[in-house]
Structures are given as structure tokens and as C-alpha cells.
Amino acid sequence: MGKETKKVTRERVAGRQKLLVPQIAGFVYCPGCHEPLAARAIADVLEELGTGDRTLGVFGIGCSSFLLGILDIDVVLGPHGRPPDMATGLKRVYPDNIVFTVQGDGDLMSIGADPLLGALTRAEKITIIMLNNAVYGTTGGQMAPTSLVGQITTTTPGGRDIAHFGFPAHAAEMIATFKGVAYSARGAFNTPYNYERTKGYIKIAFQKQMDSVGLSFVEILCACPANWRMSPTDSLKWIEEKMILEFPLGEFKNVDRIE
Amino acid sequence: MGERMFIEGNVAIGWGAAKADCQAFFGYPITPQNEITEWFAREFPKMGRIFVQSQSELGSINILYGAAAAGVRAMTSTSSPGWSLMQETVSDMANAELPCVIVHVQRAGPGGGPIRHAQQDYLQCTRGGGHGDYRNIVLAPASSQECCDLVQLAFYLADKYRNPVIVMSDAIIGRLRETVEVKKIEFGPVPDKEWAARGKGRHKDGKRRVVDHCADLFGRDPNYRTFLQRLDQKVGQMQESELQYESYKTDDAELILVAYGYTARVSKEAVNMARAEGIRAGLIRPIAIWPFPYKVIGDKARQGCKFLVVEDCLGQMVEDVRFAVEGCADVHLVSILDRHIPTDGGMILPDKVFDKIRQIK
Amino acid sequence: MVKAEVVIDEEQCQGCGYCVKFCPRGCVVITGDKFTPQGYLLPTFIKPDECNTCGFCAMLCPRAAIEVYISASSEVPA
């Protein structure tokens with residue numbers, strides 16, 4: 001009778017993506033912040049598409065800047081609001097690269113209005129990713145273009161008031177109205193289902209660029225526990241109960257050809 | 001032997017940039033440099049190179065930032081109000097140590113002002129222009145030929161120092177048609193751009209590149225001081241090595257005119273008129289207005305010369321000349337208030353300068 | 001025999017609690033008496049037998065601090 005041996009296999013089922021730098025240095029992000037989670041989602045998508053070697057990320061000013069130290073691809077930091085312009089320059093010079101931006105809601109929809117409109121009207125074949133946390137996070141929680149009516153921030157201590165400060169801006173819907181846009185969607189990271197769906201949106205967005213269809217855009221509702229003055233799990237509830245009501249999830253434009 | 005063309009300064013910029021292997025131009029309409037943008041729109045696509053009309057000067061300079069980060073020779077051009085808009089990003093590019101060329105065709109100000117010539121941006125351009133401690137080399141062509149040649153030098157210096165370089169003309173030099181010999185000038189080798197963000201697969205070592213404008217924050221420098229020390233060293237090197245000026249009849253001169261751009265041509269004429277009357281006048285024309293030729297002016301001051309600054313503004317370069325003479329000489333000024341007519345088409349003309357020369361004598 | 005392992009890197013963890021919230025079977029909990037070197041509340045993987053290696057904890061950790069392994073041992077005839 002032969003001897004029986006034990007065969008042991010140990011397989012990794014889930015964990016950090018390969019396209020992240022070996023260690024996320026320091027603690028620049030607050031507990032529960034969704035910014036590094038966005039980096040993980042992007043890394044996942046780039047690994048699935050196999051394009052890490054020809055992808056460039058351009059990051060805006062704000063908490064998104066620190067993604068510079070997380071993704072293991074060529075990265076460029078832009079002045080506040082300017083990533084769509086810089087992405088234009090990078091893409092025009094090496095059109096075979098995938099060029100994407102990651103910007104906050106203030107970076108894109110406030111100071112970044114000029115570059116955004118330039119990229120939209122010129123139909124630049126870049127991908128813009130906007131992380132929407134409804135405040136200016138890095139500077140301590142001031143009102144942002146996407147702050148909700150009644151939301152208390154450091155510059156709206158009594159709550160955002162329509163008469164003085166208008167209404168929250170809807171990036172994904174607005175961008176979908178431009179002819180040169182191939183894709184515009186909004187996702188969130190507040191549940192595993194939403195995380196997977198949002199990753200799917202990011203993948204479609206990059207695919208639109210790879211197919212040279214037009215500009216692609218993904219807005220992601222992100223938790224900002226520190227500036228919302230909540231615990232991380234309460235922030236997820238705030239996204240579900242308040243933000244998604246104002247900013248519905250889904251795809252607002254998805255075309256395969258633009259003429 | 002290059003190709004001879006009868007072209008204005010603005011168009012000569014284009015031909016010079018093409019000779020320098022500029023790959024991309026980004027621009028926005030603004031008088032008096034629209035001929036530059038339109039030249040690139042016409043000619044660059046024919047050469048298979050990149051032209052983009054941006055949505056604003058902010059767009060031009062930031063798209064340029066992207067192209068420069070990708071490691072190609074790229075440029076933009078604008079006039080004074082647009083130049084003001086660009087400053088934040090020029091400061092960022094100085095921190096990021098990116099080469100680029102910016103052509104600035106001066107017009108009158110402040111504010112919207114007349115769309116015609118002036119030389120009112122001297123101090124702003126030669127002191128960096130934006131926030132923070134940095135300097136750009138500023139080249140000041142005084143003819144169409146110099147527009148063609150200096151823009152080529154600008155690309156070389158930008159690559160050599162990894163810094164923005166400004167080519168500053170004005171509406172007169174920009175729109176004046178002259179004979180130009182368009183030929184490529186060789187300046188020597190430039191360092192390899194292995195720092196550029198081109199996609200990880202394009203780098204020989206396969207490692208990622210980071211291009212940022214916060215040197216101490218993302219690891220390019222161990223701390224803020226080492227970054228400042230490096231910048232200081234770079235500025236010092238530029239000051240030492242990139243002086244460029246023309247001396248006209250200065251060997252035995254008792255009165256030296258100092259002028260750049262169109263007023264330098266006017267001053268040369270005035271010097272000739274003075275010499276015809278036996279007055280020993282001369283001209284120092286800075287071709288690089290930064291770094292400024294302090295030493296040669298200081299030496300002449302200590303030899304007993306007097307100075308007459310001729311500039312089409314209320315008095316900006318005169319400050320540098322006063323600084324250079326270190327109190328050893330009289331410094332006089334012919335300014336924008338001495339133009340021949342009070343409306344915006346007024347110019348500083350040779351006879352006005354000659355009158356002043358006679359007065360000083 | 002199959003064994004699930006959820007490994008939480010205490011150097012990276014910031015105690016946000018997302019892994020606790022998203023585990024469908026409550027296998028990861030914050031007991032309140034374990035802390036990371038930085039002082040954040042460190043969760044514990046307390047029910048390895050209930051874990052089905054769905055990977056939600058690892059997927060939604062913003063710091064990529066969690067790795068999930070599945071080990072299988074079997075008798076192999078010689």
C-alpha cells in the first residue's frame with residue numbers, strides 16, 4: 001500500500017492590487033476615506049485591461065493629489081482644476097497612451113470649469129474621473145459646488161442656502177449633454193454591489209478611450225467622514241440616504257460612435 | 001544658406017520654432033499675436049505636428065504643461081493680458097523643472113489697454129512673473145531675424161536648464177516685415193528627458209515617473225531647503241552663462257544708451273545722429289533681458305559714463321540700470337510719456353531720443 | 001478540508017470599520033480591546049469557520065490592508 005501525502009495549497013482570493021506601490025506611505029488619508037479605494041478600483045481595471053504600462057494619471061489639487069503616491073503608473077500632478085488641460089497635452093503627444101484624470105468635485109466643477117469645458121467642446125479622447133464628496137476636503141470642509149442644500153460646511157455654518165449659494169451641480173448629467181462625450185456615468189463605493197458596478201463604469205470609460213470614441217466621464221460619490229463630522233459607517237449611510245437622492249447612480253450617456 | 005523670406009516677426013517665430021523641432025503649439029486668440037497662432041494652425045498639421053486652439057490662455061499654458069511633462073518640445077504664445085493669466089502655471093513649471101517656450105508679444109496696459117505696442121511687462125517677466133522664488137530666461141528680439149533665431153535658442157536653453165524660457169517681443173517687432181534668413185541653428189547636445197511621463201512601458205528601467213510641482217512633498221527633494229538650494233544654483237548658473245547683449249559704439253562712449261526691442265533700434269538711430277554731431281554716444285542692447293548685463297554697465301559707470309535708458313513704459317528697466325551703476329553714474333530716462341503723439345499709436349522716435357542726448361550733454 | 005484566512009495588516013489599518021460592516025456573516029468584528037500601532041481600533045477575524053472567502057472585506061478596505069486566503073489540504077495517494 002502506498003504512503004498517503006497531504007497536499008496543501010494556499011491561494012490568495014482577494015487583496016491589494018499589483019498596480020499599487022508596495023506600501024501606501026504615511027497616513028495622508030482619514031479613516032474611511034474613499035480616495036484610496038478609487039485608486040484600488042482604477043488599479044483593478046488597468047490590470048484587467050492590461051494597460052498599466054501605457055497609462056498616465058493626472059491628478060488635481062486636493063486629496064486626489066495624494067493618489068500620486070499610490071498608483072504604480074506614470075503620474076503627473078496638475079494645478080488646481082487643470083488636469084483636463086494637462087491630459088489634453090499628454091494625450092495629443094502620445095495618443096496611444098490611456099490618459100485619465102482624478103479630480104475632486106471642487107477641482108473639476110469650480111476652478112476647473114474652464115479646462116472642463118475646453119476638453120468637452122474639443123471632444124478630447126481622455127477619461128475624467130471625479131470623486132464627489134460634496135466638500136473641499138483637504139482645506140477642512142468648505143462648501144463645494146456639489147454640497148447639498150442645507151448641508152453644513154465651514155463656509156455655510158447655517159447650511160447651504162439657495163438664495164445665497166444656489167444648488168448643487170450635477171456633473172455627470174451636464175457632461176452627458178455634450179456631443180463629443182462617449183460615456184458619462186455616476187457610481188458610488190458605499191456597498192460592495194455599488195463598488196463592483198462603479199468599477200464596471202470605469203472599465204467602460206477606459207474602453208471608450210481605447211476605442212477612440214470620445215471623452216469618457218465617471219463621477220463617484222465618496223465618503224468623507226472627517227469633513228462630514230461622522231464615523232465612516234455613518235458616512236456610508238449619508239451617501240445612501242442623502243447623496244444618492246440628489247445624485248442618482250447610473251449611466252447617463254453610452255455611445256459607441258460619435259459623428 | 002537658409003531660405004530667405006520677407007516676413008513679420010510673428011511669422012518668423014513660427015519658422016524658427018519649426019526649425020527647432022518644436023512638436024506642439026497651443027494658443028488662444030489675442031491681439032497682437034494672432035498671426036503666430038494662425039501660422040501654427042496652417043503649417044503644423046502639414047508637418048504632422050500638433051496644433052490645438054485652447055479655450056483660454058489658462059488652457060494654453062496648462063495643455064503646454066501636459067505636453068512638456070511628456071517630454072516633447074512644445075510652446076505657446078500670448079500677449080500681456082494672457083501672460084498675466086498664465087503665471088500660476090509658469091510658477092508650477094519652474095518648480096516641476098519642465099522645459100517650455102512661451103512667446104510674449106507685449107501690448108500696452110495696465111488692464112485691457114490699447115492693443116498696440118509697449119514695453120510695460122519688463123519687470124514682471126524678468127522677475128519670474130508668478131508667485132515664488134524662480135526666474136525664467138527672457139530673450140528680447142529686436143528684429144524679425146532675431147525672432148526666428150532667438151526662439152530656437154529658447155528651446156535649447158529650456159532643455160538645457162529644464163526651465164521655461166520667455167521670448168518677449170512687442171507689437172511693433174511682431175508685425176514688422178523684414179527679410180529673414182530662415183535656417184536651423186545648432187546649439188549642441190541637450191540632456192536626455194528620462195524624467196518625462198510617457199507611460200511606464202517607454203522607460204528603459206520600467207519604473208514609473210512622477211512629474212509634480214511640489215518638489216518636497218512627493219519625494220523629488222528630501223526637504224524644502226534642498227529644493228531651494230537647487231533652484232538657487234540653477235538661477236546662478238543661468239546668470240553666469242546666459243548673458244547676451246550687443247555693444248554698439250561703446251568703446252569710447254561717454255553717454256551710453258540702454259534699450260531693448262524696438263526702442264533699441266530707435267536708440268541706435270539716435271546714437272548715429274549724435275555721433276554725426278560729434279557726441280560720443282553708444283548703445284548697450286540687452287538681447288537677454290534676464291539675466292541682465294549688470295557687470296558691463298557697472299564697469300562703464302565706474303569709467304565715468306552717463307546712461308540714458310530708452311524704454312516704452314513709465315520706467316522699469318531703468319531700475320536695473322540704476323542698480324547696476326551702484327550710485328556711480330547719472331541715469332536718465334526717455335519713457336512712454338515721450339512718445340511722439342499722445343494716442344495709443346504713439347512711438348518713441350529717434351529725434352526725441354536725440355533731443356534728450358543733447359540735453360544730457 | 002478548506003480553511004479561510006483573513007489577514008489584516010495592522011500597520012495599514014485605520015479602524016474605519018468597513019470590513020466589519022460588509023462581512024455578510026459577521027466574521028470580522030471590532031472587539032474594542034485591540035489597537036494598531038497608531039492607536040486605531042483593530043478588527044479581529046473571529047469566525048474562520050463561517051468565512052466563505054467572499055472577499056468583501058478586502059475589496060472595500062480603503063487602505064488595501066486585508067488579504068484573504070483560501071487553503072485546501074487533501075489526501076493525495078502516493
Check: Per residue in region A:187-202, which ones lose no less than 50 Å² of accessible surface when going from chain alone to all protein chains (1.4 Å probe)?
Finding: A:192
Check: Averaged across the residues of B:209-221, what count of C-beta atoms belonging to other chains lies within 10 Å of each residue's C-beta?
Finding: 4
Check: region C:17-42: which residues show an accessible-area loss of 50 Å² or more, assembly versus chain alone, 1.4 Å probe?
Finding: C:18, C:22
Next item on the list: With a/c under 1.5 counting as rounded, go ahead and sort chain B into rounded, prolate or oblate using the C-alpha gyration tensor (a ≥ b ≥ c being the square roots of the eigenvalues; past the cut-off, prolate if a/b is larger than b/c, else oblate).
Entry: prolate
Item checked: Formal net charge of residues neighbouring residue A:187 (Cβ-Cβ distance under 9 Å; K, R +1; D, E -1) -> +2
Margin query: Suppose the chain between residue A:123 and residue A:154 were pulled fully straight at 0.36 nm per residue; how much longer would it get relative to their current alpha carbon spacing?
Written below: 7.5 nm
Check: Averaged across the residues of B:327-339, what count of C-beta atoms belonging to other chains lies within 10 Å of each residue's C-beta?
Finding: 0
Check: Using the alpha-carbon atoms, what tilt in degrees (0 to 90, nearest 10) does helix A:192-210 show relative to the longest principal axis of chain A?
Finding: 80
Next item on the list: Can you bin region B:246-360 into rounded, prolate or oblate? Criterion: square roots of the alpha carbon gyration tensor eigenvalues sorted a ≥ b ≥ c, rounded for a/c under 1.5, prolate for a/b above b/c, oblate for the rest.
Entry: oblate
Margin query: Quick check: pseudo-label points 7 Å beyond the Cα along Cα→Cβ at residue A:197 and residue B:294, how many nm apart are they?
Written below: 6.5
Check: Which of rounded, prolate, oblate describes the protein assembly as shown, given a ≥ b ≥ c as roots of the alpha-carbon gyration tensor eigenvalues and a/c under 1.5 marking rounded, otherwise prolate only if a/b is larger than b/c?
Finding: prolate
Notebook entry, point to check: Considering only DSSP states other than H, G, I, E and B, which GluC sites (Glu not before Pro) in region B:118-202 qualify as loop sites with at most 14 other Cβ atoms within 10 Å?
Noted result: B:186, B:194
Next item on the list: Just grab the label-to-label distance for residue B:123 and residue B:233, each label 7 Å out from Cα along the Cβ direction, in nm (one decimal).
Entry: 3.3
Note to self: Nothing charged except the Cβ atoms of Lys and Arg (+1) and of Asp and Glu (-1): what's the magnitude of the dipole of the protein assembly as shown about its Cα centre? Round to the nearest 20 debye.
What the structure shows: 780
Notebook entry, point to check: With every protein chain left in place, what is the accessible area per residue of region B:3-182 in square angstrom, probe 1.4 Å?
Noted result: 27
Notebook entry, point to check: In chain C, which longest range has no GluC sites (Glu not before Pro) that are both DSSP loop (not H, G, I, E or B) and surrounded by at most 12 other Cβ atoms within 10 Å?
Noted result: C:12-49
Note to self: Counting protein heavy atoms only and a 1.4 angstrom probe, how many square angstrom of accessible surface do chains A and B bury in total, to the nearest 100?
What the structure shows: 2800
Check: Distance in nm between label sites at residue A:246 and residue C:74, each 7 Å beyond Cα in the beta-carbon direction?
Finding: 5.4
Check: Which loop GluC sites (Glu not before Pro) in region B:300-338, with loop taken from DSSP, have no more than 13 other Cβ atoms within 10 angstrom of their Cβ?
Finding: B:326
Checklist line | Fraction of accessible area attributable to carbon and sulfur, the protein assembly as shown (%, probe 1.4 Å) | finding: 52
Item checked: Between helix A:83-93 and chain A: long-axis angle, C-alpha atoms, 0 to 90°, nearest 10 -> 60
Next item on the list: Just order B:97-108, B:295-306, A:154-165, A:171-182 by mean Cβ neighbour count inside 10 Å, highest at the front, would you?
Entry: B:97-108, A:171-182, B:295-306, A:154-165
Next item on the list: Sort B:274-287, A:206-219, A:68-81 for me by packing, meaning the mean count of neighbouring Cβ atoms within 10 Å per residue, highest on top.
Entry: A:68-81, A:206-219, B:274-287
Notebook entry, point to check: With solvent modelled as a 1.4 Å probe, how much accessible area in total do chains C and A shield from it at their shared surface, in Å² to the nearest 100?
Noted result: 3200
Notebook entry, point to check: Helix A:35-49 sits at what angle to the longest principal axis of chain A, using alpha carbons and giving 0 to 90 degrees rounded to 10?
Noted result: 50
Margin query: 5 Å is the cut-off here: which amide hydrogens, built 1.01 Å from N in the peptide plane, fall below it relative to residue A:56, excluding neighbours closer than 5 in sequence?
Written below: A:98, A:99, A:100
Checklist line | In region A:1-99, the trypsin sites (Lys or Arg not before Pro) that fall in loop regions by DSSP, at most 11 other Cβ within 10 Å | finding: A:3, A:18
Notebook entry, point to check: Among A:113, B:67, A:169, which residue has its Cα positioned farthest towards the positive end of the charge dipole of the protein assembly as shown, with +1 placed on the Cβ of Lys and Arg, -1 on the Cβ of Asp and Glu, and the dipole taken about the Cα centre?
Noted result: B:67
Next item on the list: With r as the distance between the Cβ atoms of residue C:3 and residue A:174 and R0 = 45 Å, compute the FRET efficiency 1/(1 + (r/R0)^6) and round to 0.05.
Entry: 0.35
Check: Once you average over the residues of B:70-81, how many Cβ atoms of partner chains fall within 10 Å of each Cβ?
Finding: 2
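The values are calculated or read from the model by the stated rules, or taken from the named source; none is laboratory data. Since we're looking at a predicted model, the values are computed, not measured. Here Cβ is always computed from backbone atoms with ideal geometry, including for glycine, and neighbour counts include all displayed protein chains. All accessible areas refer to the heavy atoms of the entire protein, side chains included, with ligands and DNA or RNA removed. Shrake-Rupley method; radii C 1.70, N 1.55, O 1.52, S 1.80 Å.
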